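Comments concern the structure below.
The values are calculated or read from the model by the stated rules, or taken from the named source; none is laboratory data. These numbers were taken from a predicted model, which means no experiment stands behind them. Neighbour counts run over all protein chains shown; Cβ positions are idealised from the backbone, glycine included.
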Amino acid sequence: MKRFILPLVTVVCFYADSLYVEFFPSFSLISDWVVTPRFLLVVLILMGIYYYRNVTLIYAAIFGLLFDIYYTGLIGVYLFLFPISIYIASKMTKVLQINVFTAGLITIVMLSLVEILVYVLNLFLFNVQVATSPFVFDRLLPTLFMNLVFYLLIFFPFTIWLQKRKKEVNDE
């Protein structure tokens with residue numbers, strides 16, 4: 001039963017991305033903010049830091065492909081961005097002393113990297129007419145803030161569970 005919890009958590013986060021958008025459509029009543037939930041990516045980054053990197057890369061590739069099929073019209077963007085961001089995050093853990101602050105910093109950097117690369121790809125491939133300043137202030141910063149709040153909510157219970165699960169897997 002325990003082996004099904006991690007896939008279940010990732011599937012729930014995958015659907016939570018779209019459910020958040022359904023139930024909290026936007027902050028357009030307050031301002032022009034566009035908040036993009038990246039709950040799945042936050043969970044994958046924490047898995048890359050506190051769990052097995054290779055297992056997490058497989059999860060990232062599978063869910064990146066599903067993300068492309070389900071959310072975007074271009075297959076391959078998230079299929080490559082998710083595993084690349086997980087790989088970079090896991091390599092950053094070799095340099096940094098991992099705690100709640102540095103893991104949060106890694107998460108913010110990886111979320112920023114993914115959002116900026118998706119923005120650049122949209123500029124070049126789909127000729128989107130969004131200037132850099134509105135992107136940063138109306139989309140990137142609100143997205144980072146909301147995902148940071150999600151990170152702070154799940155960090156301690158999820159990382160403690162991941163470390164226990166990793167120990168159980170090692171003992172088997």
- Residues that are among the charged types (D, E, K, R): find the helices (runs of 4 or more DSSP H) completely inside the range 27-105 holding 2 or more of those. 53-71, 77-95
- Can you tell me which of V12, V35 is in contact with a Phe, Trp or Tyr (Cβ under 9 Å, 6 or more places away or on another chain), β-branched (V, I, T), surrounded by fewer than 21 Cβ atoms within 10 Å (Cβ to Cβ) and touching a residue at least 12 places away in the same chain (Cβ under 8 Å)? V35
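Here are F27, F23, F63: which of them is aromatic (F, W, Y) and at pLDDT 95 or above?
F63
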- Item | Number of positions in the range 69-98 that are among the charged types (D, E, K, R) and under 17 Å from L113 (Cα atoms) | 1
- Item | Residue list for the range 100-149, filter: over 24 Å from S31 (Cα atoms), loosely packed, with under 14 Cβ neighbours inside 10 Å and at pLDDT 95 or above | V100, F101, L105
- Message: If I ask for residues that are over 16 Å from R165 (Cβ atoms) and touching a residue at least 40 places away in the same chain (Cβ under 8 Å), which ones from the range 49-74 would you list?
- Response: F63, L66, F67, Y70, Y71, L74
- Of the residues that make up the range 118-126, is at least one under 15 Å from the mean Cα position of the chain (by Cα), among the hydroxyl-bearing types (S, T, Y) and under 21 Å from A60 (Cβ atoms)? no
